[in-house]
Structure formats: C-alpha cells, structure tokens
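Comments concern the structure below.
The values are calculated or read from the model by the stated rules, or taken from the named source; none is laboratory data. Here the structure is a predicted model, which is why all the values come from computation and not from measurement. Every residue, glycine among them, receives a Cβ derived from its backbone with ideal geometry; neighbour counts consider all protein chains shown.
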Amino acid sequence: MKTKVVNIQEDNIDMNILNEAGDVIKDGGLVAFPTETVYGLGANALDEEAVKKIFIAKGRPQDNPLIIHVADFNIDPYVKNIPEVAKKIMNKFWPGPITLIMEKSDLIPMTTSANLDTVGIRMPSNKIAAELIRASKTAIAAPSANISGRPSPTDVESCIEDLDGKVDYIIGGTKSEVGLESTIVDCTTNPICILRPGGITLEMLKTVDKDVYMDSSISSKPTKDFKPKAPGMKYRHYAPKAPVKIFKGEIEKTIAKINEMMLNYIENKMTVGIIATDETKEFYNNGIIKSLGSRDSLNDIAKNLFHVLRSFDSEDVDIILCEAFDEQGVGLAIMNRLNKSAGFNIIEV
Ligand code: TXA
Ligand code: MG
C-alpha cells in the first residue's frame, strides 16, 4: 500500500488535508495522526471492517480493546450511561490526556472493545486530532501508532518508521506535548480506579474522587495468568531491542553502580547504552549516553522518553542501563513505562 504522508501545523491547519484524511476514515481506511499524548492510528470506531485493519497493521493482539476519540462532549450515543464522576472528570480534564472507561452502547462494535462490555473514550486537545475527528464525522478508534510492543511514536518520523506502507495516510504535526499515553480511569467502579497512569495524575484525580486508587498491575510485574483490567497492560511493551535495566535509589549511588556494571559489560565486549539526565550525564565514564532532559522537569522527561528508547534501536547496543525517577506526579507514569520496557528488571542500589 502507498502511504500518503503530509505535514501540517497545529496553529495553521490546512482543512483541505484534514477533509481528505477525514474521507479516508469515512471510507474505512487508516490514518495516523498527532495527539498531545502520542501519535494515534485511527479508523472509524463504528465500522468493524475498518477497525480490523488497525489490528492487522499494528500486529495487535485481538483481545486488546481500542480507545475511541471524540471531538465534542456529547458521548451519549457511545455509552449506556455517564456516571456522575465521569461527568466531573470530563468537565475538568477534557479535552486532554485522560481516557474514561464506561459501559458501552450497542453502537460500539465488539471488535473495537475486544469483546468487553465497556469502552474507553478520550477527547484529545491537539487541534489536528480534533479537526480530523470532526472532518470524519464519527468517533475515531485509535491505539498508539506503533507496531505492537514498540515504544509509542511521539513524532512523525517514528510513525513513518513503523507504519509506512501499512496505512493509507500519515498526518505529521509537532512532537507530542505529553509524550506518554493518556491516563486511563475506570469510571464503572466506585471509587474510580486508574488502570494506566499518564499526564492527568493520581494527585489531580483525587480532586474529583478522593478515594481514587491505582490498579495493582501498574507497579508490579504481571504474572502469567494475571488479567489486568486494561488488557494491554499485560503485554511486553515500550521495549527497545536491547534489554533494559533500571537502577533505583539515591542518584550518587545509581551513578556509581551503573559505572561499575558498565565496566563488566565492556570487559565482555558489550556495547552499553545509558539513559541519563542533564544533571548526571557527565558522570558516566563510558557507553552511549543519552539524556532524557533535566530532573527539574518531569514533563520534559516524559516528553522525551519514548524517543530516547526508540533511538537506541539504531545504535546497536547490547544492553541499556537507565536511571529511575521519583514516582510523584507524572513520575508515576514515567516509571510505569520504564518498568515495563525493562520487563521489571529493577536493581535497587
Ligand atoms: O493517549 C492515548 O491513549 C493514545 C492516543 C492515540 O490517544 N492511545 C493509546 O491507545 O494509548 P493504546 O491502544 O495504545 O492503549 C490503550 C490501552 C490498552 O492498554 C487497552 O487495553 C486499554 O487502553 N483499554 C482500551 N479499552 C479498554 C476498556 N474498555 N477497558 C479496559 N482497558 C481498555
Ligand atoms: Mg499502545
């Protein structure tokens, strides 16, 4: 398949392009597009045949449901009812990086929800995403626009790398603002439960439901027959080709431990990648060192994380050693993605 790639600017949107891409969605095709979290791979959420193409293009397991994306607050057609707490979250955080799980209506095909009775709904704040949804005149089902298992794309180049030749259209915009996928919150339970941490943090959600809690799958290694409430959380994810080890503890000790282990690897003729920060990068004696940004801005670290993980795939490293972060605010989402990329291979220093 020939993929059409077009770049547009969020502050100067060319509606001709979005109308054309909207027609592709209406006609049952696939369009990758930017959002403020990560790039999405979209299809008409209500068209079973179109949605099937997403699973094929990504190599996605069929038991992993898709989030649907809307551009206005009228979600009545897609759900059986809207719990009060969901209304509060929508009013406070939409449009933005949060997905709400609710009971689905019959309009949502079982292929979209992977046979669940619920559906995840999100209203992205990215203007290109919002205008594309409007132009397509439907809800857009969109997982992250990566091949299953790889880190999600946060720029158009990463999208092209994974999906060129597999989808009809790729719309390029700027680098994703948040850089991590949306927070997923299950609104079918009382209290509500976070299934995936993201840009809207636990602390922020406490202002809506003080008893909000985190699903146990978020910070522990899933066992073989464990069934997390977000099916996607059980898969190996965000993984670069080389294995990743996370070093957790005081930063001075972390640096010392990484340098010590690096010597061993180098003696064994291995090439070592290091994921560091602006404050620490100069203290590593060897290896291919990449900084995620300053420890003063967890938002920047989040924004750069997937790009840095992906970039190691073209470096031919044998192992990646990575610093950890405090699990406060968006740090929780950062560590959730890092722990998964490392298959929970964590070294306490
Ligand atoms: O930020 C995002 O959410 C991005 C952008 C494109 O919007 N999308 C995204 O989709 O991350 P995806 O498919 O890569 O991740 C969706 C996650 C999966 O872990 C899936 O299992 C879970 O959401 N999920 C979807 N529907 C669900 C449901 N009804 N109940 C529980 N989990 C659900
Ligand atoms: Mg994904």
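Quick notes on this structure:
One line per residue, one yes/no per condition, for (1) modelled with pLDDT under 95; (2) more than 19 Å from the chain's Cα centre (by Cα); (3) not in a loop (DSSP other than H, G, I, E, B):
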{"position": "ILE170", "(1), (2), (3)": "no, no, yes"}
{"position": "GLU181", "(1), (2), (3)": "no, no, no"}
{"position": "ILE184", "(1), (2), (3)": "no, no, yes"}
{"position": "PRO191", "(1), (2), (3)": "no, yes, no"}
{"position": "THR207", "(1), (2), (3)": "no, yes, no"}
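- Restricting segment 119-156 to residues that are touching a Pro at 6+ places or on another chain (Cβ under 8 Å) and among the polar types (S, T, N, Q), the residue that is farthest from ligand 1 (Cβ to nearest atom): SER125
- Qualifying residue in segment 223-232 (condition: farther than 21 Å from LYS303 by Cβ, within 16 Å of ligand 1 (Cβ to nearest atom) and among the small types (Gly, Ala, Ser)): yes
- Selection status of MET123, aliphatic (A, V, I, L, M) and in contact (Cβ under 8 Å) with a residue 60 or more places away in the chain: no
- Residue match in segment 115-122 (condition: part of a loop (DSSP other than H, G, I, E, B), under 29 Å from ASN299 (Cα atoms), in contact with a strand residue (DSSP E or B) (Cβ under 8 Å, 6 or more places away or on another chain) and modelled with pLDDT of 95 or more): no
- Residues (in a helix (DSSP H, G or I) and either of a type in the set (Phe, Trp, Tyr) or within 14 Å of ligand 1 (Cβ to nearest atom) (or both)) located in segment 65-80: TYR78
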